[in-house]
Amino acid sequence: MEFTDQLNRTIFLPHPPQRIVSLVPSQTELLVDLGLEDRIVGVTKFCIHPKNLKKSKTIVGGTKNYRFEVIEELKPDLIIGNKEENDQKGIEKLAERFPVWMSDIFTIPDALEMIRLIGDLTQSQKKAKELRAQISKEFCKPLHPKGKAVYLIWNKPKMAAGRNTFIDEMLRYAGFENVIAQKRYPELSNEEIKSLDPEWILLSSEPFPFKEKHIEEFEELFPNKKIKIVDGEMFSWYGSRLLKSKKYFQSI
């Protein structure tokens, strides 16, 4: 059958995939929650959920750099990736040899559509439909307003999540007003952050691993602001982890 991905690319699968390589941690977790763990043969070193999955699967590299010879040996009949998280040249090279299906996600509806499409790809439509219904219920409306925020994904240089990102969408559902007007992930100086006058400065646990030790540093730079380490998975993972996000947002 032919399947169209979220980049409007078409792939052909002669049969339901039995040897899947996932190049995106959140989509790896989704595959497991769709009941497909036994069909996954390769994952990235960042595919940390469920906890012990990496011990039983072959590591094919990271989300940007791939061990092509290892993937070749696995003989996948489907590779699943994402436009933002994966390297374009590497994906194009893999697509010359294998069916590669790509997601492209900015909003909750995009995430729900991705789950539906992967359900179709893998003939796990029933479970995918159940997950979509649960997530739709969780995200029927944003939480009560918490105030203006800057969400930092990197330190030195400081980089923030701006418009046209999935994090921006999740901030809104969590009750935060994102004060970054630029698109994607702009670099910000300390002076620019001060001029934006956010009530909150949220330090994400990924991709830069902000820790408690960074709070004192930021409190000195930005006095009278609420500085908080937040779980980056809850704001940026767009698979079945969405089922845990609302409860986490309520705890902030």
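The values are calculated or read from the model by the stated rules, or taken from the named source; none is laboratory data. Just so we're clear, the structure is a prediction, and the values are computed from it rather than from any experiment. Heads up, the Cβs are rebuilt from the backbone with ideal geometry, glycines too, and the neighbour counts pull from every protein chain shown.
Taking the listed residues GLU191, GLU177, GLU169, the one that is at pLDDT 95 or above and not in a helix (DSSP H, G or I) is GLU177, with no other qualifying. Please verify whether the stretch 110-120 includes one or more residues that are over 21 Å from the mean Cα position of the chain (by Cα) and farther than 30 Å from GLY175 by Cβ. Checking the stretch 110-120: not a single residue is over 21 Å from the mean Cα position of the chain (by Cα) and farther than 30 Å from GLY175 by Cβ.
Scanning the stretch 100-155 for residues that are crowded, with 16+ Cβ neighbours inside 10 Å, basic (Lys, Arg) and assigned to a helix (DSSP H, G or I) yields LYS127, ARG132.
Looking at the structure I just gave you, is LEU131 touching a Pro at 6+ places or on another chain (Cβ under 8 Å) and modelled with pLDDT of 95 or more? Quick ask: steps written out before the conclusion?
Numbers: touching a Pro at 6+ places or on another chain (Cβ under 8 Å): no; modelled with pLDDT of 95 or more: yes.
Here the answer is no, as LEU131 does not meet what is asked.
Which residue is surrounded by the fewest Cβ atoms within 10 Å (Cβ to Cβ), if the candidates are limited to the stretch 23-46 and must be over 15 Å from the mean Cα position of the chain (by Cα) and closer than 15 Å to LYS127 by Cα? It comes out as GLY35.
So which pairs qualify, if the first residue must be in the stretch 132-146 and among the β-branched types (Val, Ile, Thr), the second must be part of a loop (DSSP other than H, G, I, E, B), the Cβ gap must be under 6 Å, and the two must be at least 6 apart or on different chains? As it stands, the answer is none, since no pair meets every condition given.
Residue-wise test of (1) under 17 Å from SER103 (Cβ atoms); (2) surrounded by fewer than 24 Cβ atoms within 10 Å (Cβ to Cβ); (3) not assigned by TED's automatic domain parsing to the domain that holds TRP101.
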{"position": "LYS51", "(1), (2), (3)": "no, yes, no"}
{"position": "THR58", "(1), (2), (3)": "no, yes, no"}
{"position": "LYS64", "(1), (2), (3)": "yes, yes, no"}
{"position": "ILE79", "(1), (2), (3)": "yes, no, no"}
{"position": "ASP87", "(1), (2), (3)": "yes, yes, no"}
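Within the stretch 1-13, restricting attention to residues that are without any contact (Cβ under 8 Å) to a residue 40 or more places away in the chain and not in a strand (DSSP E or B), the residue that is surrounded by the fewest Cβ atoms within 10 Å (Cβ to Cβ) is ASN8.
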